[in-house]
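The values are calculated or read from the model by the stated rules, or taken from the named source; none is laboratory data. The shown structure was predicted, so the numbers you read here are calculated from the model rather than taken from an experiment. Note that we place each Cβ from the backbone using ideal geometry, even for glycine, and neighbour counts take in every protein chain shown. For the accessible areas, the whole protein counts, side chains as well, though only heavy atoms, and no ligand, DNA or RNA atoms are used. Shrake-Rupley method; radii C 1.70, N 1.55, O 1.52, S 1.80 Å.
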Amino acid sequence: MTEPLSLYIHWPFCLAKCPYCDFNSHVRDEIPQRRFAEALRRELAHDASRLTADGGRRPLRSIFFGGGTPSLMAPETVAALIEDARRLFDAEDDLEITLEANPTSVEADKFAAFRQAGVNRVSLGVQSLRDDALEKLGRQHSAGQAIRALETARRLFPRISFDLIYARPGQSTTDWQNELSTALDLVADHLSLYQLTIEPGTKYESLHRRGELVLPDEDTAAALYDLTGETAARHDLHPYEVSNYAKPAAESRHNLTYWRYGDYLGIGPGAHGRLTLNGHLHATRRHRAPEPWAEKVEKTGSGSTDESPLSVEERGREALLMGLRLMEGISEARFTERTGRALADCVDPMMLRACLEEGYLEQENGLLRATPEGRLRLEAILARLLT
């Protein structure tokens with residue numbers, strides 16, 4: 001059977017670089033809209049042709065415009081890429097088309113045009129509903145703008161999600177309870193709630209290294225995580241992944257492709273992919289810098305810098321790292337189908353037994369999943385579990 005495909009389209013430009021962000025994002029005085037629109041369309045056509053030649057037209061499950069800040073794209077570019085994708089692949093009837101957006105007034109004014117272009121799900125980078133926190137996070141919008149953007153999005157899009165960052169410096173459980181309760185009164189069907197982490201190469205890393213930025217300790221962070229789940233559940237939003245909460249059937253189908261270790265095509269500067277080609281799963285990567293990527297596409301049709309088949313060991317490791325983030329866990333049958341290796345052969349048996357005995361993991365009916373206690377310690381568990 002042909003593995004369904006998800007499509008990720010990377011728009012690399014932002015108004016400003018946030019101090020906590022390690023994504024492939026770039027600030028330009030003037031964004032070369034036409035050049036990058038043409039390059040994205042050309043790269044999409046190039047890879048679609050190659051995939052079709054390899055195994056026929058692929059079913060298309062989802063499209064995700066990520067970044068960077070995709071809401072800085074011209075709506076006509078978004079419309080053209082959606083039209084191209086529908087023409088080049090066999091789009092499923094309920095094709096999910098998500099666009100990430102920031103809630104500045106300039107971007108919110110384009111929401112209606114994005115909806116007309118075919119976007120049916122928007123993901124807003126709100127990050128906080130407190131003006132003082134937004135300033136420290138380097139965001140370009142106010143809390144008031146965020147609320148107005150959410151209200152506009154709810155009128156226009158069938159599905160919306162937004163992001164918040166918690167476990168910020170000095171944040172108490174009372175502070176987070178109040179902010180989260182306000183957010184949940186605004187939510188539609190999906191919410192992404194991320195603990196602040198210090199990423200290499202960011203401004204926050206420099207501040208943290210100098211002792212000028214201090215995160216909550218482990219006990220406080222754990223309490224904030226527990227509070228997050230309890231408060232979301234009272235609004236009928238339940239965790240289906242470590243940091244993502246949704247009402248029933250409102251999960252992000254695109255992100256589930258990643259976590260279930262499905263096939264996805266990534267185009268645009270720095271985009272990664274996992275594609276079945278010639279019967280083997282390949283890792284793909286595009287040139288990271290925007291202008292060299294565009295030049296490469298203009299010359300060859302693709303900005304690819306690396307494409308290599310993954311070994312069974314690499315596939316097993318990736319499938320475990322992604323799948324244990326999900327509340328549903330990992331299907332052992334699906335794991336073997338995608339990796340070519342039994343799940344039991346990819347883990348340290350003594351560590352697995354210890355995690356099962358301590359109640360951090362559970363294994364039954366052909367599934368391996370993390371318990372709530374295990375999800376609090378998932379990074380440490382994975383570091384020792386993988387062989």
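How long is the range 318-387 along each principal axis, judged by its Cα atoms, biggest number first, in Å?
Ordered largest first, the range 318-387 gives principal extents of 29, 22, 20 Å.
If r is the Cβ-Cβ distance from Phe23 to Arg353 and R0 is 30 Å, what FRET efficiency results, to the nearest 0.05? Let's see the in-between values first.
Numbers: r = 38 Å, r/R0 = 1.26.
After rounding to 0.05, the efficiency reads 0.20.
Hey, can you find the accessible area per residue of the range 143-293 for me, probe 1.4 Å, expressed in square angstrom?
Accessible surface, normalised per residue, equals 42 Å².
Roughly what would the spin-label model give for Val312 and Arg285, points 7 Å off Cα along C-beta, in nm?
In this crude spin-label approximation the distance works out to 2.5 nm.
Describe numerically, in nm with one decimal, the distance between label points set 7 Å from Cα along Cα→Cβ at Glu295 and at Ile147.
With each label placed 7 Å out from Cα toward Cβ, I get 4.9 nm.
Using every alpha carbon pair in the range 196-321, what percent of pairs falls into each 5 Å bin from 0 up to the bin containing the largest distance?
The percentages, shortest bin first, are 2, 9, 12, 11, 14, 15, 15, 13, 6, 3, 0.
With every protein chain left in place, what is the accessible area of Lys110 in Å² (1.4 Å probe, nearest 10)?
Accessible surface of Lys110 is approximately 50 Å².
How big is the gap, in Å, between the Cα center of the range 325-360 and the Cα center of the range 238-277?
20 Å
Out of Thr257, His208, Ser302, whose Cα points farthest toward the positive end of the dipole of the chain (charges: +1 Lys, Arg; -1 Asp, Glu; placed on Cβ)?
Ser302
Between Glu205 and Glu364, how many nm apart are label points set 7 Å from Cα along the C-beta direction?
Result: 4.2 nm between the two label points.
Assign unit charges at the C-beta atoms only (+1 for Lys and Arg, -1 for Asp and Glu), then state the dipole size of the range 5-258 relative to its Cα centre in Debye, rounded to the nearest 20.
Details: 29 positive and 38 negative charges, 171 e Å.
It comes to approximately 820 debye.
Quick one: Debye curve from the alpha-carbon atoms of the range 256-339 only, equal weights, vacuum; give me log10 I(q)/I(0) at q = 0.16 Å⁻¹ to two decimals.
Values, matching the q order: -0.65.
For Val106 and Tyr194, compute 0.36 nm times the residue count separating them, minus their Cα-Cα distance, and round to one decimal in nm.
Values: separation 88, 0.36 × 88 = 31.68 nm, distance 2.55 nm.
Working it through step by step, the gained length comes to 29.1 nm.
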